[in-house]
Every structure is written in C-alpha cells, then in structure tokens.
1. Give the residues of region B:159-183 that are away from chain A (no Cβ under 14 Å) and farther than 17 Å from B:PRO29 by Cβ, sorted by residue number.
2. Only residues that are buried (at least 19 other Cβ atoms within 10 Å of the Cβ) and within 22 Å of B:THR223 (Cβ to Cβ): list them for region B:283-305, please.
3. Being among the charged types (D, E, K, R) and more than 14 Å from every other protein chain (Cβ to nearest Cβ) is the requirement here; does A:ASP19 meet it?
4. If I go through region A:27-83 residue by residue, how many of them are of a type in the set (Phe, Trp, Tyr) and touching a strand residue (DSSP E or B) at 6+ places or on another chain (Cβ under 8 Å)?
5. Take region B:293-305 and flag every residue that is among the β-branched types (Val, Ile, Thr) and under 12 Å from B:ASN197 (Cβ atoms).
6. Which of the residues spanning region B:25-54 are out of contact with any His (no Cβ under 8 Å at 6 or more places or on another chain) and hydroxyl-bearing (Ser, Thr, Tyr)?
7. Does region B:19-65 hold any residues that are acidic (Asp, Glu) and free of Cβ contacts under 8 Å to residues at least 12 places away in the same chain, and which are they?
8. Name the pairs: first residue in region A:68-92 and under 20 Å from A:TRP13 (Cα atoms), second residue in a loop (DSSP other than H, G, I, E, B), Cβ to Cβ under 7 Å, at least 6 apart or on different chains?
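The values are calculated or read from the model by the stated rules, or taken from the named source; none is laboratory data. Predicted model, so just to flag it, every value in this text is computed and none were measured. Glycine gets a Cβ as well: all are built from the backbone with ideal geometry, and neighbour counts include every protein chain shown.
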2 protein chains.
Amino acid sequence: MQVCHRVGEVVQWRKSNIDPRVQTIGFVPTMGCLHEGHMSLIKASKKENDFTVVSIFVNPSQFAPNEDLDKYPRTLPQDLALLESAGVDMCFAPSAKDIYPQGIPLNVDEQRGPFVTILGVSEQLEGKTRPNFFRGVATVVTKLLNIVSPTTAYFGQKDIQQFIVLKVMTEQLFMNTTIKMMPIVRDEAGLALSSRNRYLCEESVKKASNIHRGLQTAAALLTEKSEVSRQELLTVIEQIWAPFVASGDFKVDYISIADSFALQEKRDVVSRSSDTIISCAVYVQDRRDPSTTVRLIDNVIVSKR
Amino acid sequence: MQVCHRVGEVVQWRKSNIDPRVQTIGFVPTMGCLHEGHMSLIKASKKENDFTVVSIFVNPSQFAPNEDLDKYPRTLPQDLALLESAGVDMCFAPSAKDIYPQGIPLNVDEQRGPFVTILGVSEQLEGKTRPNFFRGVATVVTKLLNIVSPTTAYFGQKDIQQFIVLKVMTEQLFMNTTIKMMPIVRDEAGLALSSRNRYLCEESVKKASNIHRGLQTAAALLTEKSEVSRQELLTVIEQIWAPFVASGDFKVDYISIADSFALQEKRDVVSRSSDTIISCAVYVQDRRDPSTTVRLIDNVIVSKR
C-alpha cells in the first residue's frame, strides 16, 4: 500500500498508476480511528473499483472551538496496518497545513480561503447544534475529491445528513464523483459503531444501545401501520429512553422524523408515501467518568411503500 | 463548432473527443456580448491548447436584486457567429435551470444548494459594493470547471479581484485547472472594453477613458519614483478626474492601492517592494440619458522592482 502525505504525491500516484478512461477509483474519506463501519465502506469500494483510496484526516474546520478536536482519537499506525491488510491501494494522510494552506483557526471569523456551504440541508438537525459542521465537511470533501479524483466515494448511513449534504453538493456542483451510502454497522447490542464510542466505559456503551432500540421501535410501528401521528412515534421513542433520561445517562438533543430528500420534518401525520428518516442525537454521560459526555447520533430509514 | 445547451451534452462531447491524458482544453467562461477582450482570451487559449471551449451564461447569482440582470445585454446569435469564426471547438450555453437545479432567486436568503465563498479576498473593493458578487462568481466558476474539466481557464485582468478570488479558489480547493490572467484590451482612447460600455453614448464613452488616464498617471509616478506616499497617488488620480466629477459625469466608488496577493491596501508609503494594483470603480452618468448610470472598473499593475 502506498502512503501519501502530500497533495503532490497523490496527483503523482494517480498519474503513474491510473488510466482515468478505463479504470475506476473508489474513495473512502475518514478521520481515522478505523472500525468495522469504515471497513464495510472499504469492502464495498474494493468490490466495485479497480483501485481503492482511503484518506485519514481529522478535519479541523468541522470542529467548533468547544468540541473535541484535540482529544479526537488518533491511531495512525494501527489504521495503516488495518488498511494494508484490507488491500487498500493508497492511503492519503495529509497535515492540516497541506489541506488548509492559509491555516485553519477554529474561530470562523478568523478563517481565510475557500469554503463550501450547502444551503437548505445544513441548517437543521446536526446543523442546529453544530452551525459550521457541514460547511467544514463540504469544504474538506471538495478538497479531497479534487485531489483524489475518485469515480465513487463511499459514506456511512450513520452520518445520514452528511450524506444528503454531500449528495446535493456533488450533484449540483457537477463534481465528477458519484457518492454512495452504505448501511450502518452496529455492535451486537445494536449501537451504531463510532470512533467516539471509545470515550465511554463498557456499561455506558451497553446503555447507549437503547438509542437504536428506541428508533427501531418507532420504525417498526411506522412500517406496520403505514401512517402514524408524529406524536405517537415520538412517544414510543421517548418511553424507551425514559429510564435512561431519568437516571441521567441520556440527554436528548433532538429526535427528527423527516423526509429523505430535503430533510424537512414530517408534521402531524407521518406516512410512508415517501421515505422517512427517523434520526436523533443523544448526549450520553459516562458512568465511570461523569465528567465525560459523548454526543452520539443514529438513524433508521423507513422506505416508502 | 459544437454548441451544447445541457450539462450532459458537454460531458458527452468531452468523452467522445478528448483524451485527458495527452490533450488539453482551454476554457474561456463569459457572460456573452463578446468583445475584443473576450476574443483575446480565446486567442490565447487557441494558441496554448488542443481544444478551446467558451461558455456563455449570464450568471444570476452574481447579480444583486438591484442590479442589471434583466437588462444585461444578450446577443447569442452574434456571439456564436464570432466564436465560430474564431475557431472555437465547443460553446456551452446553458440555462439557469441547468446550472442551478433548485432555482436561483436573487434574494440570498431564499437561495438553496451549494455555494462557494472565498474569505479574505472577496470582502474588500468590489465586494464592498457587491457583497455577494464573488460568492456568485466562485460558485458558477466551480460548476463550469467541473462540467468542462479544462486544463487552463482564461480570465481578463480588467476583473483583477475576480482573478485573485478564483486563483485562491482553484489552488486551495485543489481543482485540476490552472487559471491564467490576460492583459486588459482597451479602445483607442484607453477605456477598458466591457459589455456594459454599450449602455453609454459615444460622448460618455469618450469621457470614461479618463478613468484609465487617472490610474495610468499614478502608475507612471510610482514606476518612476519607486516610493510615493499613498496620498500623493490618490491626489494625482483625483486631479485628473476632478473636472468629470464636477460636471456630474463621474461619481467615484473607490480607488484602491493594494498588494497583488491578498488585496490589502498599501498604507502611508506605497513602494515597489511588491507588486501594486491601482484599481477603481467609477459610476459614469450617461450624457444622452442621465437616468442611465454605469459602474465601470479598471486597474493597472505596477510590478515590483
């Protein structure tokens, strides 16, 4: 496996190895700390492309000043070994200075250079708690797609709003990359795999699996009935989460029941006349170290009938 | 010459005609109403590339609601004839709906979809009078570059801030296109060619050539002396423009004396230790129809010594 740290090395690697007229590149952008979720994206890319490229870059511009940029887990040697054994062709692991030549202060007012914003699908849900998150994601993905020039890029369903934002971006900026969403990989109890799960002790990880249980129960109800009041769906979820909210393990940021195109909330009556995304963000307080709170997201899709 | 109106036709044209590994595409994006300034860009592209593509698209997102989107001159049949006779290989003339699938209301608050902003070089000079102008330009150029995939794109020095914005954009988003700036083409009296000149009667066009005379005189002074106080340069320009300001022909929007990299004003003493851009925007009132006022821009570069 080739490891590139500089932009120029990637361009050189592409030129020396790939004939863009007949060969395809699959691309999996990551922030490292790889888990089975990432590996499922790599597997899909390997299956569908001549070459598979993975990037590892903890992108500062998608972190707010109060978030966990500094303590975000960085495990490059283990990550590279995993990628090597998965048969990845090239790993791009740049520095922040390579990707942001003018620097990238976390304070948005001090930022300089080009930024990409996707209006209409960035402001709600995750965007409410994290106002510049999707601007950071869209900007870094634009840069990475231009550097790697992949045929297809793979993203996980766990970050479903990210996928929708990037789909609007690539389609409406006419980028020469198709993006694909792959299913969420979960642990045995149902918790969606996330690099941030490792901030939590075993007991809290177990409790966190009830996040999915709540969403799944609501999804089952909608699947069965085809038409349910929004309030009924919310109540089902809240009932399952109630004991954990009462014990201080969970603090709910949002529950959303939205359409899958524009991420607009389905009001009053939720029907299966279009795809429905039931998604949430929940703060989970660690049992072992109560000063640690981790914000976890999850979602299920109920497809239209 | 091939004429494409849809995005898919351009992609098809590229695939059928061009081998990206060995052949080059030169690209000249325009808003139509072509004049000798555009033709000089096309000439440069023809000389340096295997294929030359020109786009004609009056881009709504770079117009403010109070600006001249509706009355901006549109001369497609003449433009196509000119391009044909200049030996252009392909002309891309899309509709607004093709470029902005979600629509493009002029009111920024109602806009949806991806937008590209270049922080640090968009806010000053033109950006002061036209706060969303460079966001519109950067967004449409991103779309066009992704659609056309040119090796090199050509821009005129008249819109020098636009060139600097797009240089930062293409370099720092790692786009696979080099951008080049070509010299301003002027009429015999020195007025920079612009599609908006045609809003003015002959007499006002003649008077407008004094815009350049002012800048040129300041440039000559700086070239000769190598170090001049900012105030002295401003005074030289203002003295030349004074009669036209007094008669109501000119209203000065700004005069800028800035460095050529970050477009920051050179304060106090202006020296030739770095390139200097002397630029301006002037409102010219039409003599024949005083209800018509045209905002013209111009600049000269004094290169470092």
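1. Within region B:159-183, just B:PRO183 meets the criteria.
2. B:ILE297, B:ASP298, B:ASN299, B:VAL300, B:VAL302
3. no
4. Here the count works out to 3.
5. Passing the criteria: B:VAL294, B:ILE297.
6. The answer is B:SER40, B:SER45, B:THR52.
7. B:ASP19
8. A:LEU83/A:MET1; A:GLU84/A:MET1; A:VAL88/A:MET1; A:ASP89/A:MET1; A:MET90/A:MET1; A:CYS91/A:MET1
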